[in-house]
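Take a look at the structure set out below.
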Amino acid sequence: MAVTITENASKELKRFLEDGGNGEASVLRIGILSGGCSGFEYDFRFVQEAEIDADNDTISEQHGVKIVVDKKSNLYLDGTTVDFYESLEKRGFTFENPNAVKSCGCGSSFSV
């Protein structure tokens, strides 16, 4: 799998699912979109299983969370680790992408 989620990130994702903050969606889609201040931005959202395209998506389960990544995004996210960070100053998911040449200050966009 091109993308790995840490156990810490999976705990937060499962908590979100249990709290019902995603409606009926149950699969985490991780991908990229054109845009952001650095050229690409991360697409990180829950989707319905019916939205998975078996011909175009790679599906895995990590730490009890189903993850889907499309083929195009796999090219840019290969080796990426998603973690969850929590401190007094900030809280949220982080992306450690070895393919990113530069990232913006907020960490949600990158260029390759």
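Observations, loosely collected:
- Taking the conditions (1) exposed (fewer than 12 other Cβ atoms within 10 Å of the Cβ); (2) not in a strand (DSSP E or B) in turn, E12 satisfies each one other than (1).
- Where strands (runs of 3 or more DSSP E) fall wholly inside the stretch 48-105, no range has 2 or more residues that are over 25 Å from K11 (Cβ atoms), of a type outside the set (S, T, Y) and modelled with pLDDT of 90 or more.
A quick yes/no check of all residues on (1) among the aliphatic types (A, V, I, L, M); (2) surrounded by 13 or more Cβ atoms within 10 Å (Cβ to Cβ):
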site: E18; (1), (2): no, no
site: A54; (1), (2): yes, no
site: I59; (1), (2): yes, yes
site: G64; (1), (2): no, no
site: T80; (1), (2): no, yes
site: S87; (1), (2): no, no
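The values are calculated or read from the model by the stated rules, or taken from the named source; none is laboratory data. Quick caveat, the model's predicted, so the values are computed rather than measured. As a convention, Cβ positions derive from the backbone with ideal geometry for all residues, glycine included, and neighbour counts pool all protein chains shown.
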